[in-house]
Amino acid sequence: MTRKPKILYVVNVDWFFISHRLCIAEQAIENGWEVIVAAEDSGRSKEITASGINFISFPFSRSGTNPFIELQLLIKFRQLYKDSAPDIVHHITLKPVIYGSLAAKFTKIPSVVNAVSGLGYNFTGDNQGRVAKIMIKLMKVGFKHKNIGFIFQNKDDYSELRDLGVLNEKNKIFYIKGSGVDLKKFNQTPLPNEDRLVILFPVRMLWDKGVAELREATRLLKDKYSNRIQFILSGLADNDNKAGVSSNYLKDWEDGEYVKWIGYQKDMVAVYNSSNIVVLPSYREGMPRTLIEACAIGRPIVTTNAIGCRECVDEGVNGFKVPVKSTIELANAIEKLIVNPELMLKMGLASRVKAEKEFDQLNVVRKHFEIYQELYEQ
């Protein structure tokens, strides 16, 4: 009997894998692969194992700085790879990319895929601290693998790694615009025709998503539009993250009418369907799934001209892009849509067209398997 090829996905937490990569893993199962996922179990691992995937609880700090603990973590990665012995390991998010690449090199894993969605400001220019410099050195070692591929969501992230000098001529480079969207599940729906326009902010509540800037924009618009619009904040307060916005801040902001925080919602299709406009004033993204989903549902978007965000909006076609950390420009862009229902409708239709052309999940899955096959056959 022919042995099944084996792929191991390593990601920080189970819910992120479910939202961003589960569809690819399910296709791997269908294609005859053995699939393992190693991640922290936040209570949703059964949604992964229900697809016939082996799940390994593998918790680790996303932002640890204690050298002794970090060394122990590297040893854990190495043991994981020795025990699971995959043909391909696919690292998702920064820490698995760095530590996993090293572990894969030490344990002679045949093929490695690194999904990179930006390193952030701490790794660039004058912002580099001691920890960042150590991480860069680790990357230079780990990325010297004879059969390693990098999936970038945009050209800026590639340029950043290249400029840090951590890539080498043997590395294979691929581009895929995010994790895609299920165009049948996130089907285009008409804009709601309610008394209040709903402006949706659908993200995990982190400061670098532009929470403070959006709060100021809501203040600027309140006197004029408090009875005509409603801001819905849909996402968890991330109290375990250093960049997380506290629940107290969100509760102080919301009033239940003009601004309403509804927390995490499992059925995001229904949340998007009830919205008229989607807003994301983020400082930086890889390729924000929320904006891809907003495009698929057919909603006009207001976002920033930040890396990742700007790829989701064609200025003046399916939305508006404003400078990062702007508040007046953000409020003005939202207002342009509030006062122009025809523009809202036109931009919403354009968003769906963009999703069909650029973000179809079927294409994303296909491209991943082309990459897996290329590396597996090396």
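The values are calculated or read from the model by the stated rules, or taken from the named source; none is laboratory data. Since the structure is predicted, the reported quantities are computational estimates derived from the model, not experimental observations. FYI the Cβ positions are ideal-geometry reconstructions off the backbone, even for glycines, and counts take in every protein chain you see. Accessible surface areas use protein heavy atoms only, side chains included; no ligands, DNA or RNA. Shrake-Rupley method; radii C 1.70, N 1.55, O 1.52, S 1.80 Å.
Among the residues of region 341-355, are any modelled with pLDDT under 95 and under 21 Å from L214 (Cβ atoms)? No, that holds for no residue. Restricting attention to region 306-325, the residues being open to solvent by 30 Å² or more (accessible area, probe 1.4 Å), assigned to a loop (DSSP other than H, G, I, E, B) and within 21 Å of F231 (Cα to Cα) number 3.
Taking region 289-305 as the range and being surrounded by fewer than 24 Cβ atoms within 10 Å (Cβ to Cβ) and assigned to a loop (DSSP other than H, G, I, E, B) as the test, only N305 passes. In this structure, is L280 within 20 Å of the chain's Cα centre (by Cα) and over 19 Å from P341 (Cβ atoms)? When the stated conditions are applied, L280 passes them. Within region 18-49, being open to solvent by 60 Å² or more (accessible area, probe 1.4 Å), within 22 Å of I176 (Cβ to Cβ) and under 20 Å from the mean Cα position of the chain (by Cα) holds for one residue alone: E26.
Filtered by the rule that a residue be closer than 18 Å to V89 by Cβ and either open to solvent by 20 Å² or more (accessible area, probe 1.4 Å) or touching a Ser or Thr at 6+ places or on another chain (Cβ under 7 Å) (or both), region 346-378 gives F369, E370, Q373, E374, L375, Y376, E377, Q378.
Filtering region 125-144 to residues that are assigned to a loop (DSSP other than H, G, I, E, B) and either open to solvent by 90 Å² or more (accessible area, probe 1.4 Å) or modelled with pLDDT of 85 or more (or both) leaves F143, K144.
Quick one: in region 269-288, which of the residues that are at pLDDT 95 or above, touching a helix residue (DSSP H, G or I) at 6+ places or on another chain (Cβ under 9 Å) and among the hydrophobic types (A, V, I, L, M, F, W, C) is surrounded by the most Cβ atoms within 10 Å (Cβ to Cβ)? Out of the qualifying residues, it is V279. Residues of region 154-211 that are open to solvent by 50 Å² or more (accessible area, probe 1.4 Å) and more than 25 Å from E370 (Cα to Cα): D163, N187, Q188, P190, N193, E194, D195, R196, R204, W207, D208.
What pairs come out if I take residues in region 206-224 that are farther than 19 Å from G235 by Cα and pair them with residues that are open to solvent by less than 10 Å² (accessible area, probe 1.4 Å) and assigned to a helix (DSSP H, G or I) whose C-beta lies under 6 Å away, six or more apart or interchain? Qualifying pairs under 6 Å: L220/A331; L221/A331. Scanning region 218-247 for residues that are closer than 28 Å to G298 by Cβ and touching a Gly at 6+ places or on another chain (Cβ under 9 Å) gives L233, S234, G235, L236.
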